[in-house]
Amino acid sequence: MLAQVEPITGDPFGIGWIATFAYAILAIMALLPLIKKRKQGVQSFNKSVILWLLFSLFMTIDRFVEYILIMNFGLEQGSTKIGANLSTWYFVPFVSVMAEFLFILYILRKYKFYSIPFILIFFISLSLYQYADITAFAIIITISELVPVILYLWKGWKNKDGLIYSLGIFTAFDFFVPYAIHYSMIFGGNLAGTIIYYPLFFSALFAVAYLNLGTWGWLDRHVFYDKEREKQIKNAWIGRLIEIEKKKPEVKKNGGKSIVLECPVCHVQSKRVFAHEVVLQRAKNEKGIVKMLLNEDKQICEHPFVAYVDREFAIRGYEAIDMKV
Amino acid sequence: MAADFYYYAILITTLATMPTIIFMLFQLGKKYRDSLNPETGKRDPVRLLVLLQIVFWFSSILYPTVYRLVFLENPASMFNTLNPSSISIAFVVATGVTLLAFVHHKESWMYAAWFFYAGVILYMVFTMDSTTFYMLQFGFTLVGQVSFDLFYFITGIKYKDDKILGLAIFFFVPIISGASSSNPFIYIICYGFLAIYGIPYTMGKIKFFKQKPVQLVEAEARG
């Protein structure tokens, strides 16, 4: 029999407010590099990540405010309910998880299944409105949360992609792990009071901090760091620098413009200088976009690819070459 | 006495229109079979969806007719329970949404209505709540039927497509007869109209829009 610990009521040190403020700052920081890079790489993907993260972060802040109201003002979990059990306590996390599910469908290009998250929101809300039982809610939210977490972590680790891996950790610790701890403390540890809400804050803070490591490229530089590959890249760089050096007078004459290129397969970045006039000349087509076949000589990495560059020298997209005959 | 008249009026009208509908289905099936593209080796999916939708609609009137013949009385509202007729009507709606999604290239709507109806059935299976099921099923079929028919009209006029506009008129008639289900006269008029309209529609004889004139260059190219 576990002993009942004297519950602490209220939030004496204002940890809830501090955590909310810190979370908002970290969330903005995590989004900054993504917003800066939104015109590089595949634009629609970057925009979708930004949109999903913005929505998710907003939802988490909304949850934080609810925890603070519960801790400081004596509101009970789900006291704002309508019907039997449809309250922000269940609805907000569920919408947040469904947004993640929708984003996973977008990544997997399963456009035909886009309606499933909305239909699930409808039926789960209806079940919560009609019945106090949360079994269906718990089962669906667990499955919908675990699948993205496993996919992100697996894909991130396999492709050595820090951003995707950090999304996995973020997804797990922003919602799933803290709620598991929260309910274990209530049912397993027989705890009550303010203390049971702290894991929800700290875990989400850890999640958003880890997301920063991914978006700012720290994980790519220090965790998924490959010495052998770096050596290859360096060699390629030296070769390229020599080549650029040779072509310098011509570039200067025509007025060059440097573009940061990123391989769509392995995401190795490289800066290249293109003659202004030549690119603008080629961009006089219907769409004003130049298709460039790059890296045929494998100077950046092992993969030849196509880049779409507009008149402003901004990368509009990439395409990997599957086969060359 | 009124109930007897209602019973016989609907039964005789339905039985009288059935051969026409079977002939229509036969025509639609033949047209789908002939729509094979020799270059791609595929048949026209729009024709398949039109055929499926009318097959589902036909099965929705088959169940009440068989019920009337076997039990010699009118069946109760079919939306209260999960029965072949209510499932068929839901499939008519779902096929309509799929057809519209296909025509408008909205991939995300392709299976939306199917998933929603699957959700309705699963919800009923797990909750055993027939009242909510009745409301959901009735709402889905009613809102779905009116919506897809309205969009058929819009799509048919927008793309000047005889097939879609013809289908919009075809499904508009059961909506009217369903809305006035207590009035056997309207039922007779509606199904009579379907019997007259259905055959020329499926044979492609009804043209709402003028055919686009063939360009001279195209005609020359064809030889």
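A few points about this structure:
- Residues that are aromatic (F, W, Y), within 21 Å of B:A168 (Cα to Cα) and either surrounded by 15 or more Cβ atoms within 10 Å (Cβ to Cβ) or touching a residue at least 24 places away in the same chain (Cβ under 8 Å) (or both) are absent from the stretch B:59-76.
- If you go through the stretch B:92-115 and keep only what is more than 10 Å from every other protein chain (Cβ to nearest Cβ) and over 17 Å from the mean Cα position of the chain (by Cα), you end up with B:H104, B:H105.
- Filter result for the condition that a residue is in contact with a Gly (Cβ under 8 Å, 6 or more places away or on another chain) and either among the charged types (D, E, K, R) or not in a helix (DSSP H, G or I) (or both), over B:K42, B:K31: B:K31
- Selected residue (only one of A:L191, A:L146, A:L153 is in contact (Cβ under 8 Å) with a residue 24 or more places away in the chain and either crowded, with 16+ Cβ neighbours inside 10 Å or farther than 26 Å from B:W114 by Cβ (or both)): A:L191
- Among the residues of the stretch A:278-301, those that are closer than 19 Å to A:C263 by Cα and more than 27 Å from the chain's Cα centre (by Cα) comprise A:I289, A:V290, A:K291, A:M292, A:L293, A:L294, A:N295, A:E296, A:D297, A:K298, A:Q299.
- Residues of the stretch B:133-176 that are surrounded by fewer than 16 Cβ atoms within 10 Å (Cβ to Cβ) and within 14 Å of another protein chain (Cβ to nearest Cβ): B:M135, B:G139, B:V143.
- Segments classed as helices (runs of 4 or more DSSP H), wholly inside the stretch A:63-181, with at least 3 members that are within 14 Å of chain B (Cβ to nearest Cβ), more than 29 Å from B:T131 (Cα to Cα) and not acidic (D, E): A:88-107
- Considered as a group, the residues in the stretch A:80-107 that are within 19 Å of A:G16 (Cα to Cα) and free of Cβ contacts under 8 Å to residues at least 40 places away in the same chain include one that is nearest to the chain's Cα centre (by Cα), and that residue is A:V92.
- Conditions (1) within 18 Å of A:T215 (Cα to Cα); (2) crowded, with 18+ Cβ neighbours inside 10 Å: number failed by A:A136: (1)
We did not get these values from a lab; they are worked out from the coordinates using the rules stated. Quick caveat, the model's predicted, so the values are computed rather than measured. Methodologically, a virtual Cβ is constructed for each residue, glycine included, from the backbone with ideal geometry; neighbour enumeration extends over all protein chains shown.
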